[in-house]
Amino acid sequence: MSEFILDARNICKDFNDPVKIEILKNLSFTVRHGEFVSVMGKSGCGKSTLLYILSTMDTDYKGELYLNGELLTGKNDAQLAQVRNEKIGFVFQFHYLLNEFSILKNVMIPGLKLGKYSAEEIEQRATKHLDTLGMKDHMLKMPNQLSGGQKQRVAIARALINDPLIIMGDEPTGNLDKQNSDLVFDIFKDLTKELKQTLLIVTHDGDFAKRTDRIIEMKDGVII
Amino acid sequence: MNLKLLIEISIGLLRARIKQSIVAAVGVMFGVCMFVTLLSFMNGLNQMLDGLIINRTAHIRLYNEIKQSTDQPVNASKAYKENINFIHSIKPKDKGKAIYNSESIMHALNQDSRVLGIAPKINTPIFYSAGGIELPGLINGIDIEAEQKLFYLNDYVIEGKSADLSIVNNSILLGNGVAEKLMVEIGDVIYVTTAQGTISALKVIGLVQFGLMEIDNTQSYTSIQTAQKLMGESNNYITDINIKLKDLSQAPALAKDYAKRFELDAIDIQTANAQFETGSSVRSIISYAVGITLLIVAGFGIYNILNMMIYEKMDTIAIMKATGFSGKDVKYIFIFLSLIIGIAGGVFGLAFGYMLSSIIDQIPFETASLPTIKTYPIYYNPTYYLIGFTFALLTTYIAGLLPARKAGSIDPVEIIRGK
């Protein structure tokens with residue numbers, strides 16, 4: 001086990017369309033085990049781009065990325081999919097549940113994909129997570145029957161199903177009202193406290209960021 | 001790769017778009033259904049038409065052709081051996097149409113393992129007369145049992161029983177056309193005049209109809225013994241030996257072999273009826289082409305629907321990729337989706353194809369020329385069902401492949417960022 005869960009070294013990223021723009025300029029930072037880190041910055045400062053690189057979905061960058069000591073840079077599509085499945089949990093701004101499946105199934109699918117536990121065990125674990133997040137009563141509903149805040153809690157349960165090394169959030173409260181945002185924040189806080197869960201959340205909400213363990217502030221592609 | 005999960009997700013996606021999926025499956029179903037029905041019907045007709053000729057035709061016919069000898073005496077002479085001999089005005093010698101040594105030839109043929117059965121026959125031209133009318137015709141002296149076993153004579157007997165030929169002395173099974181012209185019925189007596197001039201009275205015990213007017217207007221059957229009596233010949237006189245083989249395709253080779261071995265003329269079914277083979281295969285090709293076209297059209301339908309579905313499911317694809325499904329997994333999900341449509345459409349298509357064939361099989365189809373056919377003929381062959389199903393899977397797989405590959409290569413970042 002490495003000292004750092006996430007270790008980004010000299011990350012650079014350009015967009016070439018229509019003219020060459022440097023989005024990320026030689027970024028380096030680390031996230032320790034059990035830390036609750038937020039990445040803050042104005043719209044367009046490159047924080048989302050950084051998250052996609054850290055989450056392995058964007059492979060078009062320069063620099064090196066280590067997850068728990070394992071070099072991720074240069075791995076192929078299938079290997080990265082495996083890494084995302086097993087070691088990274090996601091919570092997005094627009095909830096992104098699979099509308100074709102029930103809440104319970106949505107939470108279970110990444111677990112079934114990993115195949116580490118039997119279907120019964122995964123169902124049990126999913127139920128437990130949904131229970132913790134207060135969504136147990138809704139677990140047989142379809143996603144379009146839930147409110148935004150409820151969906152976001154389901155997304156968090158889904159992120160937790162494979163006991164990931166790190167949960168990444170892309171403006172997870174950006175689309176929620178104050179009350180729901182606080183609820184989601186409290187859940188994150190509990191996760192770090194009780195489960196020692198590492199969290200990396202991208203946000204432009206100052207209030208949210210202030211209450212995290214550490215803020216990485218970005219401006220024009222560099223950390224300030 | 002977790003196949004069960006991928007298939008489960010495919011089914012989930014299909015259920016979310018159940019109407020479109022059903023439309024796609026119905027397209028495949030229609031294609032498979034028509035493919036199976038068309039082939040069964042076409043080949044039913046083929047078999048019926050071929051049966052008209054092939055059932056009644058010997059695979060090999062052994063007989064004596066009237067012709068000049070190929071071995072002229074001058075060629076045997078040593079004195080002229082080195083010369084080139086021109087012989088003018090050769091005339092055929094009439095050895096008669098009888099097959100000599102017929103008993104031992106038939107014995108040898110019966111021992112041959114490639115032969116299914118043989119039927120000896122006497123074939124001779126005659127005149128039928130009843131009242132004042134005389135009609136030219138052909139009488140066939142047959143071994144009734146062998147004729148039934150090898151050439152299904154009873155299928156063509158429309159009145160009376162062919163077995164009566166061997167029970168009633170001096171009896172005749174008359175062609176339907178002949179009977180109509182002579183205005184005779186079962187139980188009447190007609191007179192038959194042979195080429196030698198002998199006149200015999202024969203009792204009509206049945207009517208036969210092959211559906212080919214040319215034959216029905218001239219031919220009649222009698223037992224081999226009666227025919228020998230008519231012609232005043234001994235009881236080993238026969239003019240033809242009809243052979244049915246176990247394997248039809250061996251006929252040309254065996255015909256040559258027998259001709260040489262028994263010093264007789266032999267003609268095989270392929271040479272005698274080449275046009276039927278051609279007709280059958282052309283009809284088959286047409287029905288295959290139509291059926292496969294229908295399936296390809298169904299394939300385009302699936303391609304369209306899957307393409308649309310992928311655009312609708314961009315978010316789903318992106319989230320699956322974000323949560324650990326690789327491009328390959330996503331590709332398989334969409335291929336499975338397509339195959340499920342193909343399998344469902346295929347299974348229902350086969351069922352409906354069978355039903356439609358059965359319905360056609362019940363439709364009355366009566367024609368004077370085909371006494372044994374009462375409804376439209378259908379040939380139930382499992383091969384057509386197998387081909388139909390295989391093609392359904394193949395077209396749906398190919399139709400699904402391109403959209404599936406597109407889905408597999410979708411970049412989740414673009415979708416998530418695009419919001």
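FYI, it's all coordinate maths here, none of it is from the lab. As the structure is a computational prediction, the values presented were derived from the model and not from experiment. Here the Cβ is made from the backbone with ideal geometry for all residues, glycine too, and neighbour counts use every protein chain on show.
Per-peptide packing, taken as the mean over residues of other Cβ atoms within 10 Å, places A:215-224, B:24-33, A:5-14, A:166-175 in the sequence B:24-33, A:166-175, A:5-14, A:215-224 from highest down.
Entry note, segment A:98-224: relative contact order of 23 percent, from Cα contacts under 8 Å with a spacing of 6+ residues. Shielding by partners for peptide B:323-334, expressed as the average number of C-beta atoms from other protein chains within 10 Å of each residue's C-beta, is 5.
Dividing the summed helix terms, -39500 (n - 2.57) for each DSSP H run of n ≥ 4, by the number of residues in chain B produces a 222 nm estimate of -18000 deg cm²/dmol to the nearest 500. Available extension along the chain between B:Phe86 and B:Gln362 is 92.6 nm, counting 0.36 nm per residue and deducting the alpha carbon span.
Angle of helix A:119-132 to the longest C-alpha principal axis of chain A, folded into 0 to 90 degrees and rounded to 10: 80°.
Between helix B:382-408 and chain B there is an angle of about 20 degrees, using the helix long axis and the longest principal axis of the Cα atoms. When B:Ser338, B:Ser220, B:Ser200 are sorted by how many other C-beta atoms sit within 10 angstrom of their C-beta, beginning with the fewest, the order is B:Ser200, B:Ser220, B:Ser338.
The modelled label-to-label distance for the pair B:Lys67/B:Val290, using points 7 Å beyond Cα in the direction of Cβ, is 4.4 nm. The distance from the alpha carbon centre of segment A:174-218 to that of segment B:360-410 is 61 Å, rounded to a whole number. Each part gets one Cα centre, and for segment A:18-68 versus segment B:182-223 those centres are 103 Å apart. Measuring how big segment B:227-316 is from its alpha-carbon positions, Rg and Dmax come out at 28.7, 96 Å. What is the local net charge at B:Asp112, summed over the other residues whose Cβ is closer than 11 Å to its Cβ (Lys, Arg +1; Asp, Glu -1)? In short, +2.
Using Cα centres only, tell me the gap between segment B:238-297 and segment A:73-124 in whole Å. With segment B:238-297 and segment A:73-124 each reduced to a Cα centre, they are spaced 64 Å.
Using the Cβ of B:Ala404 as centre and a radius below 13 Å, the other residues enclosed give a net charge of +4, where K and R count +1 and D and E count -1. Contact order for segment A:113-176, expressed relative to its length and based on alpha carbon pairs under 8 Å spaced 6+ residues apart, stands at 36 percent. Pairs from the list A:Lys47/A:Lys151; B:Lys91/B:Lys229; B:Lys181/B:Lys203; A:Lys113/A:Lys219; A:Lys13/B:Lys331 with a Cα-Cα gap above 26 Å: B:Lys91/B:Lys229; A:Lys113/A:Lys219; A:Lys13/B:Lys331.
Compared with the dominant principal axis of the Cα atoms in chain A, helix A:178-195 is inclined by about 90°. Solvent-free Debye calculation, one equal scatterer per alpha-carbon of the protein assembly as shown: log10 I(q)/I(0) at 0.06 Å⁻¹ equals -0.59. For chain B, the average shadow cast by the Cα convex hull is 32.6 nm², which is a quarter of the hull's surface.
Normalising the average separation of contacting C-alpha pairs (under 8 angstrom, six or more residues apart) by the number of residues puts the relative contact order of chain B at 28 percent.
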